[in-house]
Amino acid sequence: NMAGQCNRSQIAPNNEKVIIHISNMRSVKRIPDVIEIFHRIAQKEDAILLMLGDGPERERAEQQVRDLGIAEKVRFLGKTTEVRRLLCMSDLFLLTSQNESFGLVALEAMAAKVPVISSNVGGIPEVNVHGVTGYLASPGAVEEMAAYSLSLLQDDAKLAQFKQQAFDHAKKFSIEKIVPMYEEAYEKALAAVW
């Protein structure tokens with residue numbers, strides 16, 4: 001059963017809020033922004049950050065976390081097969097990309113009842129509805145993204161509402177909607193090659 005898999009106490013033994021980021025940790029993902037936003041959240045709220053995935057920016061991110069003195073609150077979990085289980089434990093998904101052809105990772109988070117705080121670029125706004133399933137801000141707007149994050153994390157009723165709304169909205173994205181998003185992304189990628 002889902003409840004058994006979703007034992008948050010493994011990750012958040014003191015009932016901390018759980019923030020999650022998943023990416024290939026390339027510079028386009030603006031990983032320093034994820035850390036910076038979390039740092040601001042952690043000053044106001046007991047929270048833990050899960051960093052899933054691996055890539056060129058990981059080492060620098062681990063250094064940034066040490067420099068900010070928040071290493072004990074951040075878990076770098078690398079390429080894990082536990083994505084679903086970890087999303088299930090999470091309260092908020094951070095997606096700070098400079099560009100993102102389609103918001104598939106946001107959709108996956110929302111399908112797991114995780115609201116998304118994201119940049120308003122590429123295909124993300126098609127998936128993440130501002131003020132409903134999460135919040136959007138310009139890339140690099142860490143102050144704004146942190147404020148949006150706290151507005152949900154500090155209001156349990158609002159967070160619960162956004163979790164349900166994220167789930168409800170994600171359900172509307174059938175394969176018929178996702179395939180064209182993929183195709184458009186591939187076409188853009190191919191156009192860039194030629």
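Quick notes on this one:
- A straight chain from GLU62 to ASN24 at 0.36 nm per residue would run longer than the Cα-Cα distance by 12.2 nm.
- FRET E, pair GLU144, GLU82, Förster distance 25 Å, beta-carbon r, rounded to 0.05: 0.25
- Highest-fluctuation residue, ALA47, ALA147, ALA157 considered, GNM on the chain with Cα pairs under 10 Å: ALA157
- Working note: Karplus 6.51/-1.76/1.60 with θ = phi - 60° gives the range 86-92 the couplings 6, 4, 4, 8, 9, 9, 7 Hz, where Gly and Pro are set to x.
- For the range 64-194, the alpha-carbon radius of gyration amounts to 1.11 times the rule-of-thumb value 2.2 N^0.38 Å expected for a compact globular protein.
- With helices as the sole contributors, the chain gives -14000 deg cm²/dmol at 222 nm; each DSSP H run of n ≥ 4 counts as -39500 (n - 2.57), and the sum is divided by every residue.
- Model label sites at ALA189 and LYS172, defined 7 Å from Cα along the beta-carbon direction, differ in position by 2.7 nm.
- These residues, VAL74, VAL179, go from largest to smallest accessible area, 1.4 Å probe, as VAL179, VAL74.
- Student exercise, the range 1-127 dipole from Lys, Arg, Asp, Glu Cβ charges, in Debye to nearest 20: 160 debye
- Of all lysines in the structure, those lying under 20 Å Cα to Cα from LYS188, and not within fewer than 8 positions of it along the same chain, are LYS29, LYS177.
- Share of carbon and sulfur in the accessible area of the range 50-194 stands at 54%, probe radius 1.4 Å.
- Sorting the segments 33-41, 80-88 by their mean number of nearby beta carbons within 10 angstrom, highest to lowest, gives 33-41, 80-88.
- Over the chain, accessible surface divided per residue gives 49 Å², non-protein components excluded, 1.4 Å probe.
- Candidates MET181, MET25, MET110, ranked by Gaussian network fluctuation over the chain, Cα under 10 Å, top entry: MET181
- GLU176 contributes an accessible area of around 130 Å² to the protein surface, as traced by a 1.4 Å probe with all chains present.
The values are calculated or read from the model by the stated rules, or taken from the named source; none is laboratory data. Here the structure is a predicted model, which means the values were calculated and not measured. Reconstructed Cβ throughout: ideal geometry from the backbone, glycine too, with neighbour counts over all protein chains shown. Surface areas here come from the heavy atoms of the whole protein model, side chains and all, with no ligands, DNA or RNA. Shrake-Rupley method; radii C 1.70, N 1.55, O 1.52, S 1.80 Å.
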